[in-house]
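First, the structure itself, so that you have it in front of you.
The values are calculated or read from the model by the stated rules, or taken from the named source; none is laboratory data. These figures come from a predicted structure and were not determined experimentally. Positions of Cβ are backbone-derived with ideal geometry, glycine not excepted, and every protein chain shown enters the neighbour counts. What goes into the accessible areas is simple: the full protein's heavy atoms, side chains included, and nothing from ligands, DNA or RNA. Shrake-Rupley method; radii C 1.70, N 1.55, O 1.52, S 1.80 Å.
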Amino acid sequence: MAEDDLTALMAAQLDRHLVFPLLEFLQERQIHPDGEILEAKIRLLNGTNMVDYAMDIHKSLHGTDDVPVDMVARRAEVLARLKSLDSAAAPIVAFLQNPQLVQEIRPDKQYNIHMLQERFQIGPDQIEALYQYAKFQFECGNYSGAADYLYQYRALCTNSERSVSALWGKLAAEILMQNWDTALEELNRLKEIIDSKNFSSPLNQLQNRIWLMHWALFIFFNHENGRNGIIDLFFQDRYLNAIQTNAPHLLRYLATAVVVNKRRRNMLKELIKVIHQEQHSYKDPITEFLECLYVNYDFDGAQQKLQQFEQVVILNDPFLGKRIQEGNFITVPLRDEFLENARLFIFETYCCIHRCIDISKLAEKLNMNYDEAELWIMNLVRNSKLDARIDSVSGTLIMTTNPVNVHEQIIESLKGLNMRTFMLAKNIVEPAQAAQQAAR
């Protein structure tokens, strides 16, 4: 594994189909030998029905047109199974492909089942066949068809466990098709079920939350409102506890979202607290940057971690290192945003503990030359209305200190109190309501 590469940790919490985009990213960046990536793809494909794809990769890996006998046999097995499922699900698939008939389906599942049985002779066996057919289509890589069938299946299914399983499959299919708005809706729907459902054990519920957060990364780093979404989800007490218990590596993504989201800067203090608590179980250049800056006030260390972020993390992380083609250039938007905000963090913290700042030294901390630093600071002072002035003769930035009003300190400390109180009450009431419903 390359340094700071979280692929193995991430893959353990993902459906095998969701691992393919991660491997594609690593292959594109040439972080690992091409042969290793191709072998990993074949191992993943062995658990799916995408036999033709596995054959193509085998040919590319070994430079031959021949394929192993077991792959040929597996292909024949898949085709036979597909034919069998197609026949079993044919009545209900034909019904679902008729728009006029589909309009007769109502939110009342019992009515739907009775109506299908009475008018179309479609019973529980055919509904179960629809689930198996949708699952098989997903394993074949037909994500669009699988998503449609799983959606219809959930409207007919009365088995809560199967309904949740279908929702997981629908979420994976929407992610793989990059339908981010729909995927976000399915994610929120699944979250409501996980938070309100009575699980067989707390560990099972914990694992479902961890799966949900890992799958959510695909959405949060592609959806236009994803940066707020990841902060809203990961900072909820139950999900933050899950991160600290079993998935501290997710702090990388939470920290990145807070750093680049200027409107959510109020969450920084709590983030630093969690990072400091988990420093012995997980750390990377992003978490260490924040710890160096806000815990140790080590500006040289913070600058070093920023360089490591740019040279290592952003190169091998498929969520943070997403590239965008702009004309003849390829950019990594998240890298530029992170570095810009990180420099602002360094500047603000440095100014808090100094009254007279040598611009040349500050330029070193910001990894900029003197002229760039002076222009950057001048624009920052002007735009943010900092109470400071630049002395061009001595090459210094002079800060004017204003004592913080006690009332302002109280107001700041009470920010978010209403939301925390609401979440606390919700965490108490929801389990009680779920227990009452189960008792009925």
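If I stretch the segment between Ala90 and Thr421 completely, what's the gain in nm (0.36 nm per residue apart, minus their alpha carbon distance), one decimal?
Details: separation 331, 0.36 × 331 = 119.16 nm, distance 5.22 nm.
Contour length minus the Cα-Cα distance gives 113.9 nm.
Same structure again: Tally up the carbon and sulfur contribution to the accessible surface of the chain as a whole percent, 1.4 Å probe, everything protein left in place.
Values: 11730 of 23500 Å².
That fraction is 50 percent.
For the chain, what does -39500 (n - 2.57) per DSSP helix run (n ≥ 4), summed and divided by total residues, give at 222 nm, in deg cm²/dmol to the nearest 500? Please report the intermediate quantities before stating the final value.
Numbers: 23 runs with 302 residues, N = 440.
Theoretical 222 nm ellipticity from helices: -22000 deg cm²/dmol.
Can I ask one more? For the stretch 150-228, which trypsin sites (Lys or Arg not before Pro) are in a loop by DSSP, counting at most 15 other Cβ atoms within 10 Å?
Qualifying residues, ordered by number: Lys197.
Using a 1.4 angstrom probe on the protein heavy atoms only, could you order Val19, Val429 from most to least accessible area? Each step should come with its number before you reach the end.
Working: Val19 10, Val429 70 Å².
Highest to lowest solvent-accessible surface, that is Val429, Val19.
Could you work out how far the C-alpha centroid of the stretch 1-40 sits from that of the stretch 262-293, in angstrom?
Cα centroid to Cα centroid, the span is 26 Å.
Follow-up. Between Gln244 and Thr331, what is the label-to-label distance in nm when each label sits 7 Å out along the Cα-to-Cβ direction?
3.8
Using a cut-off of 13 Å between beta-carbons, work out the net charge of the residues near Ile390 (Lys and Arg +1, Asp and Glu -1, Ile390 not included). Show your work: numbers first, answer last.
Details: positive: Arg382, Arg389; negative: Asp358, Asp371, Glu374, Asp387, Asp391.
Neighbour charge sum, excluding Ile390 itself: -3.
Which pairs break 24 Å Cα to Cα here: Lys191/Lys269; Lys283/Lys322; Lys197/Lys322?
Values: Lys191/Lys269 26 Å; Lys283/Lys322 22 Å; Lys197/Lys322 35 Å.
Going by Cα-Cα distance, Lys191/Lys269; Lys197/Lys322 fall outside the 24 Å limit.
Can you give the accessible area of Cys356, probe radius 1.4 Å, in Å² rounded to 10?
80
Between Glu185 and Glu278, with labels modelled 7 Å along Cα→Cβ, what's the label distance in nm to one decimal, could you check?
3.1
From the C-alpha coordinates alone, can you work out the Kirkwood hydrodynamic radius of the stretch 208-272, in Å?
Working: mean 1/r = 0.0855 Å⁻¹.
It works out to 11.7 Å.
Which value in Å does the Kirkwood hydrodynamic radius of the stretch 26-65 take, with 1/r averaged over all unlike C-alpha pairs and then inverted?
Numbers: mean 1/r = 0.0957 Å⁻¹.
About 10.4 Å, per the Kirkwood formula over Cα pairs.
Continuing with this model, one more query. By the scheme Lys and Arg +1, Asp and Glu -1, what is the net charge of all other residues having a beta-carbon under 14 Å from that of Lys262? Walk me through the numbers before you get to the answer.
Values: positive: Arg227, Arg263, Arg264, Arg265, Arg343; negative: Glu337, Glu340, Glu348.
Combined, the nearby Lys, Arg, Asp and Glu give +2.
Treating the angle as unsigned and between 0 and 90°, give the value, to the nearest 10°, between the Cα long axis of helix 34-45 and the longest Cα principal axis of the chain.
40
Now a separate question. Using only Cα atoms and rounding to the nearest 10 degrees, what angle (0 to 90) does helix 69-96 make with the longest principal axis of the chain?
80
Could you work out the equivalent-ellipsoid semi-axes for the stretch 199-316, taking the square root of 5 times each eigenvalue of the Cα gyration tensor, largest first, in whole Å?
Numbers: eigenvalues 121, 52, 36 Å².
Here the semi-axes work out to 25, 16, 13 Å.
Suppose R0 equals 35 Å; then what is the FRET efficiency for Asp108 and Ile324 from their Cβ-Cβ distance, rounded to the nearest 0.05?
Computed FRET efficiency for Asp108 and Ile324: 0.15.
If you project the alpha carbons of the chain onto the principal axes, what extent comes out on each, in Å, largest first?
Ordered largest first, the chain gives principal extents of 88, 63, 41 Å.
At 1.4 Å probe radius, can you tell me the per residue accessible area of the stretch 221-371 in Å²?
Values: 6960 Å² over 151 residues.
Roughly 46 Å² per residue, with all protein chains present.
Shifting gears a bit: Quick check: with the 1.4 Å probe, what order do His114, His58 take by accessible area, largest first? Mind dumping the intermediate values first?
Numbers: His114 115, His58 30 Å².
Sorted by accessible area, descending: His114, His58.
Taking springs between alpha-carbon atoms closer than 10 angstrom, which of Glu430, Glu374, Glu278 fluctuates most in the Gaussian network model of the chain?
Maximum fluctuation in the GNM of the chain, among the listed residues, is at Glu430.
Once fully extended, how much extra length lies between Val295 and Val393, figured as 0.36 nm per residue of separation less the alpha-carbon to alpha-carbon distance?
Values: separation 98, 0.36 × 98 = 35.28 nm, distance 3.38 nm.
Answer, rounded to one decimal: 31.9 nm.
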